[in-house]
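What follows draws every value from the coordinates through simple rules; no lab data is involved. The structure displayed is predicted, hence computed values, not measured ones. Because the Cβ atoms are built from the backbone with ideal geometry, glycine has one as well, and the counts that use them run over all protein chains shown.
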Amino acid sequence: MATARSLRGLDWLNFFVANVQTGFGPFIAVYLTERGWSQGEVGFALSIGTITALVSQVPAGAMVDAMADKRRGVLFGTLAIGATALLYALSPSKPAVYLAEVLHGFASSVLTPSIAAVTLALVGRASFGERVGRNARFGSIGNAIAAGVMGAAGTYVASSSVFWLTALVGIPALLALRTIGREQADDADTAPPADAPPSLLDGVRTLFSDRRLLLFGACIVMFFLCNAALLPLAADAIAKRTPHLADLLTAATIIVPQIMVALLSPWVGRSADRWGRRPMMLLGWGLLPVQGVLYGLYPHPLVVLFGQALSGVSGAVFGVILALVAADITRGTGRFNLTMGALGVAVYVGAAMSTAGAGWIADQLGTSAAFLALAAAGMAGFALLFFTMPETGPETGPETGER
């Protein structure tokens, strides 16, 4: 049984890791643009990180599975992201930025499954759902606070201060990690079994013979095919409709979902354990097309904010369900992190298709048509989930996924 000290350490670890991760993304674009980089050069640099994260998802997951102590994965990821921030702050040259993007992409692929594996090791499967929800709560609070602090620092101090702060916040993250003991719940099932496949290829082949994983991966692709482009398009619509309030409203569209995730994630975890994974998935996936229709028919700022509240509900569901279903599917196999990596690939594929496809439709047919196309993708994802995805919860049979 995990000690209270370890569980408090896990809370703070999620909070500070979210702080660290917030120091990237839009802040990088602003920082490099101020140093004379063109939009094309910034886009190329960011694409290096995206491609690295995509191709490293599965190898990083396999690497974490092979670690006897999953805390090492958190240690590596935190240190590597801190080093990435220092590279940006000290030398915004192209070689340094490209190296930083590669390092960040791989480190992020290691860090997320490592924290999930540490959580599973501490609390076991019986308490995993609620604990993942609590992780998401502290991560969302960390994201919201860090975005405000770093945004203010970048505006009123210097854009490079964002990266100094990012590296600095890595220190309390590491201190929080030190308070987490190497404890193992009886039903954690995080160690590789003695008969684990000898190679990554064999492990992937075994995983992808599980129909539940393939179906869930397809549902994730459809989730992000609908979801990823909704906020960028909505922000653009707000900027055109109310340019004098664009910055304020855009910030609100980011903060509102974080508040919803923080409020709802523990409830989602408890409910998924009580009622099963499918009801929660249907809730999360079912709200996505509603957002697309609302934005497409009436892109008023208040409607967008309401839609972003719905997005927070969907985000809370996805953040919890991803880890729970991965744990369900890999019960008794010791391949939890490999599975998390494979599902991470589905996230990137869906998001890439969403932003590219919605952008093309918006250019050709208008923003409203793009929103409605995203809503159609969301409906297709909901239908796929409803008609094909079996329950995977603790009472599920190992072969068919049926109760």
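The three principal axes of the C-alpha atoms in the chain carry coordinate ranges of 59, 48, 38 Å, sorted with the longest axis first.
Report, in deg cm²/dmol and to the nearest 500, the calculated mean residue ellipticity at 222 nm for the chain, where each DSSP H run with n ≥ 4 adds -39500 (n - 2.57) and the sum is divided by the residue count.
Values: 15 runs with 322 residues, N = 403.
Helices in the chain give a 222 nm mean residue ellipticity of -28000 deg cm²/dmol.
Potential lengthening of the chain between residue 47 and residue 158 amounts to 37.5 nm, from the contour at 0.36 nm per residue minus the alpha-carbon distance.
Length available on full extension from residue 79 to residue 360: 0.36 nm per residue minus the Cα-Cα distance, which gives 97.3 nm. For residue 267, put the label point 7 Å out on the Cα→Cβ axis and report which residues of the stretch 303-343 keep their amide N under 11 Å from it. Zone members listed by number: 313.
If neighbour count is taken as other Cβ atoms inside 10 Å, put 134, 178 in order from fewest to most.
Values: 134 21, 178 11.
Ranked by crowding around the Cβ, least crowded first: 178, 134.
Comparing 278, 205, 72 in a Gaussian network model of the chain (Cα springs below 10 Å), the most mobile by mean-square fluctuation is 205. Put the Cα centre of the stretch 149-168 next to the Cα centre of the stretch 301-354 and the gap is 29 Å.
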